[in-house]
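Have a look at the structure below before the remarks.
No value in this document is a laboratory result; all are computed from the given coordinates. Note that the coordinates shown come from a computational prediction; the quantities given were computed from them, not determined experimentally.
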Amino acid sequence: MKRHLLNIFLLGMLLLGYAIVTNTGFGWVLMAVPTLVWGKPVLRLVHKNRWAAALFWTGLIWLKWQLALPLFLLYLALKGTQKITSLFSRDETLPKAHHNYVGEIESRFEMFFNPATGKPMMGLRDTEGNPYGVNLHVSDLDED
């Protein structure tokens with residue numbers, strides 16, 4: 001429901017900006033907000049590569065600099081607030097997962113294994129309680 005109301009509000013901003021742009025340049029700013037919100041998936045795709053982003057903004061400036069300027073400023077403001085909120089978020093203590101080229105999820109933290117047992121380490125001990133490099137569960141009687 002909130003998404004529908006947001007889209008109706010953004011459509012109103014777009015139409016109001018279109019009407020105002022004939023008299024003043026502020027209409028470009030009003031039209032830039034819904035354009036940026038609705039075009040966010042495209043902007044995310046373009047900004048994954050630095051050269052694609054430079055080509056995109058150069059082409060937009062060449063076509064219509066009055067639209068490109070408020071769009072770019074709004075994009076920078078949104079990215080800046082996103083960076084600031086990510087600095088103060090409390091989720092940084094948990095390991096983050098990301099996708100590799102194939103689409104599999106990997107952990108950003110490297111997992112260590114005990115070379116004596118092959119079991120994964122959890123802190124200073126492996127999953128069986130052995131310290132690093134030691135296998136305490138090997139019996140001397142099993143050497144027959």
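Observations on the structure shown:
- Cα-based reach from Lys2 at 27 Å (exclusive), listing lysines while leaving out same-chain residues under 8 positions away: Lys40, Lys79, Lys83
- Contact order normalised by residue count of the stretch 4-91, Cα under 8 Å, 6+ apart, percent: 22 percent
- Subtracting the Cα-Cα distance of His137 and Asn49 from their residue separation scaled by 0.36 nm leaves 26.5 nm.
- Taking 0.36 nm per residue of sequence separation and removing the Cα-Cα distance, the Thr127/Leu11 pair yields an extension gain of 36.1 nm.
- Shape call, the stretch 17-88: gyration tensor on alpha carbons, a/c limit 1.5: oblate
- Shape class of the stretch 1-56 from the Cα gyration tensor (axes a ≥ b ≥ c, square roots of the eigenvalues): oblate, since a/c reaches 1.5 or more and a/b does not exceed b/c.
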